[in-house]
Amino acid sequence: MALIVGSKGQVVISKEIRDQLGVKPGWIALERLTGDHIEVYFIPPEHRESLKASLLPHVKVHIAPGKEWNEARNSAWGEAAKKKIIGGKQVS
C-alpha cells in the first residue's frame, strides 16, 4: 500500500494494519532508522485496571470474603512460610 506524506511529514497507518496490531488512540509510536527505511513499533499506554482486574482472567478459584477467605489466606501464608529459606537452610 502506497501512502502520501502530508505537508507536515505525517503518514496515516491504514485501519487494516492498526486493527491487526490492535493499535488504539493514545498508543506511543516509536520509530527507528534502519538503513534506508524506518521501523515503527507501537507501545500501549499504561493500563488503568487494578492488579485484581488484570489478573482476574487467570484466576481459577473464586473465594468470597469471609471465613473461607481468611482460612485460604492463612493456609497460603503458612505454605509460603514453610518454603522460606533462612540462613541457606529450608525451614520445614
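Matching residues to (1) of a type in the set (Phe, Trp, Tyr); (2) in contact with an Asp or Glu (Cβ under 9 Å, 6 or more places away or on another chain); (3) in a loop (DSSP other than H, G, I, E, B); (4) assigned by TED's automatic domain parsing to the domain that holds Ala76:
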{"position": "Met1", "(1), (2), (3), (4)": "no, yes, yes, no"}
{"position": "Val5", "(1), (2), (3), (4)": "no, no, yes, no"}
{"position": "Arg18", "(1), (2), (3), (4)": "no, no, no, no"}
{"position": "Val23", "(1), (2), (3), (4)": "no, no, yes, no"}
{"position": "Leu30", "(1), (2), (3), (4)": "no, yes, no, no"}
{"position": "Leu33", "(1), (2), (3), (4)": "no, yes, no, no"}
{"position": "Glu39", "(1), (2), (3), (4)": "no, yes, no, no"}
{"position": "Pro57", "(1), (2), (3), (4)": "no, no, no, yes"}
{"position": "Val61", "(1), (2), (3), (4)": "no, no, yes, yes"}
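With the requirement that a residue be modelled with pLDDT under 85 and among the hydroxyl-bearing types (Ser, Thr, Tyr), what does segment 44-92 give you? If the condition is that a residue be modelled with pLDDT under 85 and among the hydroxyl-bearing types (Ser, Thr, Tyr), then Ser50, Ser54, Ser92 are the ones that fit.
Tell me, please, whether a residue that is modelled with pLDDT of 90 or more, surrounded by 10 or more Cβ atoms within 10 Å (Cβ to Cβ) and in contact with a Lys or Arg (Cβ under 8 Å, 6 or more places away or on another chain) can be found in segment 29-37. Within segment 29-37 (the criterion being modelled with pLDDT of 90 or more, surrounded by 10 or more Cβ atoms within 10 Å (Cβ to Cβ) and in contact with a Lys or Arg (Cβ under 8 Å, 6 or more places away or on another chain)), the answer is no, since none of the residues qualifies.
The values are calculated or read from the model by the stated rules, or taken from the named source; none is laboratory data. Quick caveat: nothing in here was measured; it's all calculated off a predicted structure. Every residue, glycine among them, receives a Cβ derived from its backbone with ideal geometry; neighbour counts consider all protein chains shown.
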